[in-house]
Amino acid sequence: MGSGGVRGAPRPAPSPRVRAANDAAVRAGGDFVLYWMFAAHRVRFNFALDHAIARAAALGKALVVLELIRCRYRWASDRVHRFLLEGLDDNAKALGRAGVLHYPFVEESPGEGDGLVRALASRACLVVADDFPAFFFPDWIEGEARACPVLVEQVDGNGLLPMRVAASAYPTAHAFRRFLQKSLRPHLEEFPEADPLDGLDLPRPAALPDAIVRRWPPAPESRLRGDVSGLPLDHAVRPVSLRGGQAAASAAAARFVRERLARYAEDRNEPGREGTSGLSPYLHFGHLSVHEVLAAVALQEGWSPSDVSSRADGSRSGWWGMGASAEAFLDELVTWRELGFNFCAIRSDYDRYDSLPPWARDTLERHAGDPRPRLYSLGELEAGRTHDPLWNAAQRQLVAEGRIHNYVRMLWGKKILEWSASPVEALRAMVELNNRYALDGRDPNSYSGIFWVLGRYDRPWGPERPIFGTVRYMSSDSVARKVRVKDYVSRFAGEGGNPVG
Ligand SMILES: Cc1cc2nc3c(=O)[nH]c(=O)nc-3n(C[C@H](O)[C@H](O)[C@H](O)COP(=O)(O)OP(=O)(O)OC[C@H]3O[C@@H](n4cnc5c(N)ncnc54)[C@H](O)[C@@H]3O)c2cc1C
């Protein structure tokens, strides 16, 4: 495994992770290599950064790293922005120390950043950019790449498996796990550099042209420290106490592996215990790489890639050759997480109701006319004002803390299906609430989880029931029988609105 590579001679990203986003050529006479960092907001374990450094070293050029934060995307809020901006601060410090020019641009009003990528690209040899298969990112990069006069290369650093190694979208976790067990082994040897800036020796960048810096002034330090005041965002979704950024992410991953990994298998379904990693926001914003997490788990378990089994039967345990808890954790972090990236990379309709498997659409359709004993509006759901205390607690945790414990999150979605006028309405409500409030929302995993509620990645379950048909059913009583929810419910009992400052 290891970070490999001789100091001063970084390797480009492995070829399955790299693709050209336009047909333009490299311009060797450009002033610098531009890395447009829009998804992997970190300077550790980052294939795109490695690739940009390797390109700059080969061309004998300086490196410029652009982080352009727009304010016009859907669900842009104080919560999302604060977390994102805290990540820029870590990067500014690390890149500054390494002599790389960091260009943070934070839009103060919608559209201010338009033209910046092109303006920088017109001075660059080439553009290296992230690759992220969901939300507004694919359209954004496609439009920018078309307008850039030099080659734009996208580098996929999302998962252990390069997204484009799989030729189709997998219908179940079991099928995808089998595929991973057959295909992942060589990719476990291809790690990004743990610290590519350490000992970096690239030419120092000259100052950027005045015309560019005057039109798009780099963000002041206060913004990089997370100050969102005055920005045109959804202020009702308030920041949470969890700090964003690579430093906090690495510390959280190390703490989880040291203190809680060993009990993960037992504790992960207990909402009353902090048994899971809490890493999903960091993974979503690219503050943390799955490679860094695997490296920490491997160290703790004394594991190396040669320990994986040659058996590829899709079974949930036994393939990695680690302890039971570590394997349970990696099944979520790798199988389930990358299943969502696989779907989004292949299916541009990943967020559409029609992307559900035919059996799920058929059974939901057959029950579309069933009476709904309880119907709640989006406003009632949002405020956590239903008759069900456990559901209300989940919704209030989402609004207050930007998260819901995974086990309760499944119930949260299933009840929205039961209490909505139609499955399409339920989908709309889940997407709206999840993506507006959840710090880890707007991610391939968001669509995995929400569509799982409606049957994606699942199979028909008997008995056939009203509203659900054969889509898997969950009730608050059955959840309460299986896990201890009393403390959880009382923790969020009195809360409403959006109380965290
Ligand atoms: C209705 C619904 C909506 C969801 N929306 C999101 C979302 O917006 N963003 C999001 O990241 N996850 C979502 N999930 C999946 C899951 O709830 C979270 O990934 C998990 O709770 C995050 O907590 P953790 O980091 O402590 O997870 P851990 O248990 O510590 O797992 C480690 C990592 O594995 C991945 N993971 C864990 N469980 C799942 C899962 N079921 N599916 C896919 N990946 C998983 C996540 O990246 C997670 O950070 C949703 C699930 C449901 C049922």
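The values are calculated or read from the model by the stated rules, or taken from the named source; none is laboratory data. Note that the structure is a prediction, hence the values are computed from the model and not measured. Positions of Cβ are generated from backbone atoms using ideal geometry, with glycine treated the same way; all protein chains shown enter the neighbour counts.
Figures for the structure shown
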quantity: Total residues in the range 314-326, condition without any contact (Cβ under 8 Å) to a residue 60 or more places away in the chain and under 23 Å from P162 (Cβ atoms); calculated: 3
quantity: Total residues in the range 442-467, condition within 15 Å of the ligand (Cβ to nearest atom), in a loop (DSSP other than H, G, I, E, B) and of a type outside the set (A, V, I, L, M); calculated: 5
quantity: Qualifying positions in the range 104-132 - farther than 21 Å from R55 by Cβ and either in contact with a His (Cβ under 9 Å, 6 or more places away or on another chain) or of a type in the set (F, W, Y) (or both); calculated: F105, V106
quantity: Checking W75 against (1) surrounded by fewer than 22 Cβ atoms within 10 Å (Cβ to Cβ); (2) more than 21 Å from the chain's Cα centre (by Cα), the condition it does not meet; calculated: (2)
quantity: Number of the condition not met by G455 [criteria: (1) free of Cβ contacts under 8 Å to residues at least 12 places away in the same chain; (2) surrounded by 15 or more Cβ atoms within 10 Å (Cβ to Cβ)]; calculated: (1)
quantity: Of residues in the range 298-313 being in a loop (DSSP other than H, G, I, E, B) and without any contact (Cβ under 8 Å) to a residue 12 or more places away in the chain, the one nearest to the ligand (Cβ to nearest atom); calculated: G302
quantity: Pairs, first among the polar types (S, T, N, Q) in the range 271-297, second within 9 Å of the ligand (Cβ to nearest atom), C-beta under 6 Å, six or more apart; calculated: T276/R268; S277/F256; S280/D440
quantity: Single residue of F45, F83 found to be assigned to a helix (DSSP H, G or I), buried (at least 20 other Cβ atoms within 10 Å of the Cβ), out of contact with any strand residue (DSSP E or B) (no Cβ under 9 Å at 6 or more places or on another chain) and aromatic (F, W, Y); calculated: F83
quantity: Any hit, the range 152-169, residues being among the hydrophobic types (A, V, I, L, M, F, W, C), within 24 Å of F45 (Cβ to Cβ) and part of a helix (DSSP H, G or I); calculated: yes
quantity: Test: residue in the range 478-485 that is within 17 Å of W391 (Cα to Cα) and modelled with pLDDT of 95 or more; calculated: no
quantity: Test result for S325, within 12 Å of the ligand (Cβ to nearest atom) and more than 14 Å from the chain's Cα centre (by Cα); calculated: yes
quantity: Count of residues meeting criterion [surrounded by 21 or more Cβ atoms within 10 Å (Cβ to Cβ) and within 27 Å of the chain's Cα centre (by Cα)] in the range 458-478; calculated: 1
quantity: Check on R214, farther than 30 Å from D50 by Cβ and surrounded by fewer than 18 Cβ atoms within 10 Å (Cβ to Cβ); calculated: yes
quantity: Residue tally, condition away from the ligand (no atom under 12 Å from the Cβ) and in a loop (DSSP other than H, G, I, E, B), over the range 468-485; calculated: 8
quantity: Matching option when the condition is of a type outside the set (S, T, Y) and either closer than 22 Å to E332 by Cβ or free of Cβ contacts under 8 Å to residues at least 60 places away in the same chain (or both), among L427, L417; calculated: L417
quantity: Close pairs from the range 112-131: first assigned by TED's automatic domain parsing to the domain that holds R42 and on the phi < 0 side of the Ramachandran plot, partner among the β-branched types (V, I, T) and part of a helix (DSSP H, G or I), Cβ under 7 Å, at least 6 apart; calculated: A119/I212; L120/I212; A129/I141
quantity: Test for N91: is it within 16 Å of R223 (Cβ to Cβ) and at pLDDT 95 or above; calculated: yes
quantity: Residue that is surrounded by the fewest Cβ atoms within 10 Å (Cβ to Cβ) [pool: residues in the range 298-323 that are within 15 Å of V334 (Cα to Cα) and out of contact with any Asp or Glu (no Cβ under 8 Å at 6 or more places or on another chain)]; calculated: S315
quantity: So V64, is it in a loop (DSSP other than H, G, I, E, B) and touching a residue at least 12 places away in the same chain (Cβ under 8 Å); calculated: no
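Quick grid of which residues meet (1) in contact with a Ser or Thr (Cβ under 8 Å, 6 or more places away or on another chain); (2) over 19 Å from H284 (Cα atoms); (3) modelled with pLDDT under 95; (4) in a helix (DSSP H, G or I):
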| position | (1), (2), (3), (4) |
| --- | --- |
| R177 | yes, yes, no, yes |
| P192 | yes, no, no, no |
| S222 | no, yes, no, yes |
| P239 | no, no, no, no |
| A248 | no, no, no, yes |
